[in-house]
Amino acid sequence: MTSATLHSDATRQQADAWRRQTSLRRFYTALGVGLLLVAMFATMWFADEANAGHFFDRLPHILDFLSWLVPKDWNDVWRALFDIASPNDKGTQEFNFPLGRVYVWGGFYIPEYFELMLTTVNVALVSTFIGFVFAVPFSFIAARNLTPNPILRLVVKRFMELLRAFPEIVIAGLFAAIVSIGPVAAIIAIGLHSIGALGKLFYEINENIDMRPEEGLRAVGANWFERVRFADLPQVLPNFMSYTLLRIEINVRISTIMGAVGGGGIGEELKLSISRGFGAKTLALVLLLFITIFLVDQFSAWLRRKLVGEQAFLMSA
Amino acid sequence: MATTMTVDEVKAIEDRHPQIFQRPAYKRFWPLLLIAGTVLYLAYALWFFSLPQVLRESHWERLPLFLSQWISYDLQPEFRLDQPEITPKYPRFSALGENPNPDWVTKNPDSTFTVRIDGDAKSVTFDKTRAAITANGVTVPISLTSGKPVVAGPVPDWVTVHDDEIVAKMGFAGEVRVTVDRVKVRKRFLGWANFVFDTRSPFFGKPAGEVISLILSGPELQPGTSNLALAADNIWNNAQWQHGDVWTKLLQTIVMAFLGTLLGGIVAFPLAFFAARNITPSGVLSQVLKRFFDFMRSVDMLIWALFFTRAFGPGPLAGSAAIFFTEIGTLGKTYSEALENIDDKPREGVLSTGANGILVQRYGVLPEVVPVFISQTLYQWESNTRGATIIGAVGAGGIGLKLWEAMRTNSNWANVFYMVLLTLLVVFIFDNISNFLRRRLSRTLHDYNRLQAERG
């Protein structure tokens, strides 16, 4: 670099070029933001137009809407949560807390909402297990570095994509007609979806492993299963576990929603309670659901941090 | 060259690698414990969901039937035998329209009727006194004169004889039900009936070439409207497939995901700066905001959807609001985590020039995190497009509700499949848009992740 002296012409040219570039970029950014804003207001208008009640008509009544939620007696929230008889009980469904008790033995009972929450969590756990069990072998078949056959790989990948994109609600509806409406149909639906979702993440992990252990095993004549078991699995298992835990968090949420459309569990009860305007019951359910999801999230985050360290929280491109 | 190691050699290797051969007991047995725990849990789940009973009472024979209904339709003509003259009757809203005269139902010269369910190989011929069902190379004669249907001769296994009814199942092709006063036929066709024009449309039943020439140059079928407008209106308002309604609902689902994610991002963006530990002016504020994000995330999308459905009424507004509130939490959390992981040097550099707070964020922080923010938002958008389908079913509008209603009637699986295909298409397109945009950003992200990895 021997440009000790700068010609003023060259400098000006450079400055002009830079200014042109910047202004062009600014123009594109402004255009992008402008288009996004137009799209936002258009979709807002569309959503408002298509809705049963309109935003500005309903906005002044938001507080009325909240008023049913405030119970006359705050103790009813605890009573609803633990199925304790309420002095406000006048024979209506709003305060019939003890009716829901699930007796285990003698006078010992599980409160109704805890039982329902347990159902929802169990649906999430079992369906995640189904997802994990099928996603692991599929992910080995779908990984480019482990399976040389391109047709087999493509078939498995497309199959997993289909499972991932297929609306869970349809699978649940289909199986509700076969195994009767309830948690089992929800398990099948969420399980099938989890196979696709976990399988995709898993095979991407598989494709990024260190291949040297695999080459070593290949050199001593290990077959495909042995190579996968001893070279690949030890590398990927912590990541697999981490993603599975993340999936449990998501599945708890999905199984709550599934409950609201007939999949059993706490979602169903919550939907009923809100649609009938039972303040104390709704607050008890929301509280229980909130605490459960919060605990599941925290536990899963703690375990993931132990398994793969801070990597569990890194952005993935 | 097979060599066997001596005991000493084995021991030497074990001594050299104690971390492999002499691991503490808990490390050696935790996989076993994990597996045992899983098995125990599964046994418990088996009992909890009373799975054996559910499976015993389930109707798996319905599965192929339902699946075949996704891609086929049936016609069910009924022939009354107790009237002076036998005439075929079709149910209302039959796929054949008002004047059905299919060529697979024929009146023979000897005044018997023949219905060909699958050519001549699977058919039924009958008059008022007798019927003959042919399938699988066998013809089963039935006498109808003795007050109830009687099969003359041996009964093959595809025919079931009830007290007053004889049912002949012909697999996918259909079935025949015979009683003394009527013959009911179900004939199944592959494909979707009347997908373009329904039976009320003037274009109904016309071959494609004729429809096109009508649209291009034919006389106006409905005076005052062009044929093109009429055809478009007929397709959009097809009563059987409800294209217009389905597409509108699909658009609602897309809008819900887009609007919810975008608004969530807009609100989460400034909040994340106050929540990030390294940028916030006050540690208390950071903690409060982080707990707020956790709260918005942990109050499930379902709860928000149910609340907003009650507040605004069912529709996409409720769905958008539910996604919006959840996304404030999710995006706020990921944004603030991204901010906490930035490289501090550019920020210090800008700070050292004496720039004020906002300028430091704009030139020292934003260039580093914007690609991450956009990538995360796109990812959430993509997953919300899928999630909006489910949320719709609880009343938040969109295709989810329509799907759920079509399934609840239990009869319209072809419609369900049509909507599923559209949903899959939308998810596929949006996945690809999002992937494409994120790949464009990935170079920047790659640098970011490399920095992260270097920092450990």
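Taking residues in segment A:54-81 that are outside any helix (DSSP H, G or I), and partners anywhere that are surrounded by fewer than 12 Cβ atoms within 10 Å (Cβ to Cβ), the pairs with Cβ atoms closer than 9 Å and at least 6 places apart or on different chains are A:ASP73/A:PRO87.
For residues that are more than 14 Å from chain A (Cβ to nearest Cβ) and part of a helix (DSSP H, G or I), scanning just segment B:255-283, find the one that is nearest to the chain's Cα centre (by Cα). Filtering segment B:255-283 for residues that are more than 14 Å from chain A (Cβ to nearest Cβ) and part of a helix (DSSP H, G or I), the one nearest to the chain's Cα centre (by Cα) comes out as B:ALA268. Scanning segment A:212-228 for residues that are closer than 13 Å to A:ALA143 by Cβ and surrounded by 15 or more Cβ atoms within 10 Å (Cβ to Cβ) yields a total of 3.
Only one of the numbered conditions (1) surrounded by 13 or more Cβ atoms within 10 Å (Cβ to Cβ); (2) at pLDDT 80 or above; (3) not in a strand (DSSP E or B) is violated by B:THR145, and that is (1).
Being within 14 Å of chain A (Cβ to nearest Cβ) and either assigned to a helix (DSSP H, G or I) or modelled with pLDDT under 85 (or both) is a description that does not apply to B:ALA231. For segment B:1-60, a residue qualifies if it is surrounded by 10 or more Cβ atoms within 10 Å (Cβ to Cβ), among the aromatic types (Phe, Trp, Tyr) and farther than 19 Å from A:VAL126 by Cβ, and the qualifying residues are B:PHE21, B:PHE29, B:TRP30. Among the residues examined, B:PHE29 does not qualify as within 14 Å of chain A (Cβ to nearest Cβ) and either in contact (Cβ under 8 Å) with a residue 12 or more places away in the chain or farther than 30 Å from B:ASN194 by Cβ (or both).
For segment A:65-84, check the following and say yes or no: at least one residue is touching a His at 6+ places or on another chain (Cβ under 8 Å), facing chain B (nearest Cβ under 9 Å) and closer than 24 Å to B:ALA396 by Cα.
No: zero hits.
Can you find even one residue in segment A:283-298 that is touching a residue at least 12 places away in the same chain (Cβ under 8 Å), within 20 Å of A:LEU201 (Cα to Cα) and surrounded by fewer than 21 Cβ atoms within 10 Å (Cβ to Cβ)? Looking through segment A:283-298, at least one residue is touching a residue at least 12 places away in the same chain (Cβ under 8 Å), within 20 Å of A:LEU201 (Cα to Cα) and surrounded by fewer than 21 Cβ atoms within 10 Å (Cβ to Cβ).
Within the option set B:GLN69, B:GLN76, B:GLN83, being farther than 22 Å from A:SER127 by Cβ and in contact with a Lys or Arg (Cβ under 7 Å, 6 or more places away or on another chain) holds for one residue only, B:GLN76. Can you tell me which residues in segment B:367-393 are over 15 Å from the mean Cα position of the chain (by Cα) and at the interface with chain A (Cβ under 8 Å from one of its Cβ atoms)? Result: B:VAL372, B:SER375, B:GLN376.
Is there a residue being within 23 Å of B:ILE391 (Cα to Cα) and either surrounded by 13 or more Cβ atoms within 10 Å (Cβ to Cβ) or at pLDDT 90 or above (or both) anywhere in segment A:96-113? The answer is yes; a qualifying residue exists.
Restricting attention to segment B:70-123, the residues that are among the hydroxyl-bearing types (Ser, Thr, Tyr), outside any loop (DSSP other than H, G, I, E, B) and under 23 Å from B:GLN240 (Cα atoms) total 2.
Checking each residue in segment B:163-196 for being in a loop (DSSP other than H, G, I, E, B) and under 15 Å from B:TYR73 (Cβ atoms) picks out B:GLY191, B:TRP192, B:ALA193, B:ASN194, B:PHE195, B:VAL196. Screening the candidates B:ILE133, B:ILE117 for the property of being in contact with a helix residue (DSSP H, G or I) (Cβ under 7 Å, 6 or more places away or on another chain) and of a type in the set (Val, Ile, Thr) yields one hit, B:ILE117. When A:ALA47 is tested against (1) hydrophobic (A, V, I, L, M, F, W, C); (2) within 14 Å of another protein chain (Cβ to nearest Cβ); (3) loosely packed, with under 10 Cβ neighbours inside 10 Å, just one condition goes unmet, and that condition is (3). State whether one or more residues within segment B:60-69 are assigned to a loop (DSSP other than H, G, I, E, B) and modelled with pLDDT of 80 or more. Checked segment B:60-69: at least one residue is assigned to a loop (DSSP other than H, G, I, E, B) and modelled with pLDDT of 80 or more.
Restricting segment B:235-252 to residues that are at the interface with chain A (Cβ under 10 Å from one of its Cβ atoms) and either in contact (Cβ under 8 Å) with a residue 12 or more places away in the chain or hydroxyl-bearing (Ser, Thr, Tyr) (or both), the residue that is farthest from A:PRO167 (Cα to Cα) is B:THR248. Residues that are touching a residue at least 12 places away in the same chain (Cβ under 8 Å) and at positive phi within segment A:159-190 comprise just one, A:GLY182. In summary, B:GLU78 fulfils each of the numbered conditions (1) acidic (Asp, Glu); (2) touching a strand residue (DSSP E or B) at 6+ places or on another chain (Cβ under 6 Å); (3) free of Cβ contacts under 8 Å to residues at least 12 places away in the same chain with the single exception of condition (3). The listed residues are A:LEU289, A:LEU295, A:LEU237, A:LEU246, and the only one of them that is in the same structural domain as A:ILE130 (by TED's automatic domain parsing) and over 16 Å from the mean Cα position of the chain (by Cα) turns out to be A:LEU237. Name the single residue, out of those in segment A:260-276 being within 8 Å of chain B (Cβ to nearest Cβ) and either under 17 Å from the mean Cα position of the chain (by Cα) or in contact (Cβ under 8 Å) with a residue 24 or more places away in the chain (or both), that is surrounded by the most Cβ atoms within 10 Å (Cβ to Cβ). So the residue we want is A:GLY267. Of all the listed residues (A:ILE141, A:ILE169), the sole one being facing another protein chain (nearest Cβ under 10 Å), in contact with a helix residue (DSSP H, G or I) (Cβ under 7 Å, 6 or more places away or on another chain), β-branched (Val, Ile, Thr) and not in a strand (DSSP E or B) is A:ILE169. Out of the residues in segment A:299-317 meeting the condition of being at the interface with chain B (Cβ under 10 Å from one of its Cβ atoms) and loosely packed, with under 15 Cβ neighbours inside 10 Å, tell me which one is modelled with the lowest pLDDT. Checking each candidate, the answer is A:SER316.
Here's the yes/no breakdown for (1) within 21 Å of A:ILE293 (Cβ to Cβ); (2) crowded, with 18+ Cβ neighbours inside 10 Å; (3) out of contact with any Lys or Arg (no Cβ under 7 Å at 6 or more places or on another chain):
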{"residue": "B:PHE324", "(1), (2), (3)": "yes, yes, yes"}
{"residue": "B:THR334", "(1), (2), (3)": "yes, yes, yes"}
{"residue": "B:LYS345", "(1), (2), (3)": "no, no, yes"}
{"residue": "B:GLY354", "(1), (2), (3)": "no, no, yes"}
{"residue": "B:GLY364", "(1), (2), (3)": "no, yes, no"}
{"residue": "B:SER375", "(1), (2), (3)": "no, yes, no"}
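When restricted to residues that are buried (at least 22 other Cβ atoms within 10 Å of the Cβ) and closer than 19 Å to A:PHE294 by Cα, segment B:299-311 contains 6.
The values are calculated or read from the model by the stated rules, or taken from the named source; none is laboratory data. Not measured: the values here are computed from a predicted model. Note that we place each Cβ from the backbone using ideal geometry, even for glycine, and neighbour counts take in every protein chain shown.
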